[in-house]
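Below is one structure, written out as structure tokens; comments come after it.
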Amino acid sequence: MTAAGTQIDERITRLHAHGLVDLHFDLLMDLYEKRERTNVLAQEFLPEFEAGNIGVLGVAIYLEDRYLPEMGLRVALDQIARLQVEADLSDRFTICKSCPDVLRARAAGRIALLITMEGVEPLGADLNLLRVFFELGVRVIGLTHVRRNAAGSGGVFAASGSSRDGLTGFGRDLLQACEALGIIVDLAHINPAGFDDIFSHTTRPLVVSHTNARRYHDLERNISDDQIKMIGERRGVIGINAVLVSPRQEEATLDRYVDHIEHVAGLIGIDCVGIGFDFFEFLYRQWPESAKHELAAKCTKPHFIPDLTNHAHARNLTRRLIERGFSDEQIGKILFENWMRMFEQLL
Ligand SMILES: [Zn+2]
């Protein structure tokens, strides 16, 4: 390696010393599907987390259609149960319920896991269950995925056509209960009418755990410049997604990922942008062709970024941020500090 290359490598290592925060990873459905095996977390995932210096990870409860409605609650609880068993088998992970928990886990060199919920289908329409999931450690909740549920409707994977309905009464009650308990409300996936409703029925900073700017990929599942500015008004944080950066595979590049970061930072400042990689190529790769077609029909065909497909690739992103002229201070905010500020304020 050249002297300049070594210097950049050392700079990346220094910037990664805190550990990166990624607020959206579909870990729990995979642990659940592999529930007959043990040490999946340590054997299949830990090496990639370590290679990318991942420090804090939002791990999502998500229910595939085939489990709904009857099995929703059961599978959601089993997903948490599998995480508890797997985390206990390794001394490298801690399930965290507060910001001090996260800081303690990091000080001990462990990866801090925050349980998130992507769509409130596990609750059905029972507000009492929110408290149960809170006790089990759920600290970030997005009301919907793409489908409609008891709380509201998701944004479609097209430039228009989402439901015009906002939140239901249950959805509004949930918001209030989340704010009262100290659960972070996540606007990822919600349809535009629901986004406005969440904004007008809450007062605290709002986050979008994993999304992209419609400027570069015009889907109602992503967020418009006006929506970005609304998050900025509350000094919230937007996590940039690595699988919806462009409608075209040839434009699914590290540079386009950085374009999304620059776009959000340009509109609302560098303090409001973070990481929400949403890496799921490891799941996609396991699926039969029929499931891939189903995803393409229901959502869209994902375009994975070849050199940003899993957590082991995180250093590639930092290298590109350096090459694009971001300062160490700015990179520290994107990779770590901004999400940590949200945890301090909201957990
Ligand atoms: Zn998602």
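A few notes on this one:
- Unmet requirement for Glu179, which otherwise passes all of (1) over 16 Å from the mean Cα position of the chain (by Cα); (2) not in a helix (DSSP H, G or I): (2)
- Subset tally (residues that are surrounded by fewer than 20 Cβ atoms within 10 Å (Cβ to Cβ) and either in a loop (DSSP other than H, G, I, E, B) or within 16 Å of the ligand (Cβ to nearest atom) (or both)) for segment 140-176: 13
- Looking across Gln84, Gln79, one residue alone is at negative phi and open to solvent by less than 50 Å² (accessible area, probe 1.4 Å). It is Gln79.
- Condition met for Phe279 (touching a residue at least 60 places away in the same chain (Cβ under 8 Å), out of contact with any helix residue (DSSP H, G or I) (no Cβ under 8 Å at 6 or more places or on another chain) and among the hydrophobic types (A, V, I, L, M, F, W, C)): no
- Residue within segment 30-50 that is within 14 Å of Ile115 (Cα to Cα) and touching a Gly at 6+ places or on another chain (Cβ under 8 Å) present: no
- Filtered residues of segment 1-28 (kept if surrounded by 22 or more Cβ atoms within 10 Å (Cβ to Cβ) and within 16 Å of the ligand (Cβ to nearest atom)): Asp22, Leu23, His24, Phe25, Leu27, Leu28
- Residue within segment 212-225 that is surrounded by 22 or more Cβ atoms within 10 Å (Cβ to Cβ), more than 27 Å from Ile305 (Cβ to Cβ) and away from the ligand (no atom under 15 Å from the Cβ) present: no
- Residue list for segment 23-39, restricted to those being among the acidic types (Asp, Glu) and either outside any helix (DSSP H, G or I) or over 17 Å from Gly72 (Cα atoms) (or both): Asp26, Glu36
- The set of residues in segment 197-244 that are part of a helix (DSSP H, G or I) and either in contact with a strand residue (DSSP E or B) (Cβ under 8 Å, 6 or more places away or on another chain) or not hydroxyl-bearing (Ser, Thr, Tyr) (or both) comprises Asp197, Ile198, Phe199, Asp225, Asp226, Gln227, Ile228, Lys229, Met230, Ile231, Gly232, Glu233.
Let's see how each residue does on (1) closer than 16 Å to Glu64 by Cα; (2) open to solvent by less than 30 Å² (accessible area, probe 1.4 Å); (3) of a type in the set (S, T, N, Q); (4) at pLDDT 90 or above:
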| site | (1), (2), (3), (4) |
| --- | --- |
| Arg256 | no, no, no, yes |
| Glu262 | no, no, no, yes |
| Gly266 | no, no, no, yes |
| Gly269 | no, yes, no, yes |
| Gly274 | no, yes, no, yes |
| Glu281 | no, no, no, yes |
| Ala297 | yes, no, no, no |
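- Residues being closer than 17 Å to Leu206 by Cβ and in a helix (DSSP H, G or I) - total across segment 245-271: 4
- Positions within segment 107-125 being open to solvent by less than 60 Å² (accessible area, probe 1.4 Å) and not in a strand (DSSP E or B), in sequence order: Gly109, Gly119, Val120, Glu121, Pro122, Leu123, Gly124
- Hey, Ile322 free of Cβ contacts under 8 Å to residues at least 60 places away in the same chain, more than 23 Å from Val59 (Cβ to Cβ) and more than 16 Å from the ligand (Cβ to nearest atom) or not: no
- Checking Val237 against (1) in contact with a Lys or Arg (Cβ under 9 Å, 6 or more places away or on another chain); (2) over 30 Å from Thr309 (Cβ atoms); (3) open to solvent by less than 50 Å² (accessible area, probe 1.4 Å); (4) of a type in the set (Val, Ile, Thr), the condition it does not meet: (2)
The values are calculated or read from the model by the stated rules, or taken from the named source; none is laboratory data. These numbers were taken from a predicted model, which means no experiment stands behind them. Ideal geometry is used to build each Cβ from the backbone, glycine not excepted, and the neighbour counts take in all protein chains shown. Ligands, DNA and RNA are stripped out before the accessible areas are found, and what is left, the full protein with its side chains, is counted by its heavy atoms. Shrake-Rupley method; radii C 1.70, N 1.55, O 1.52, S 1.80 Å.
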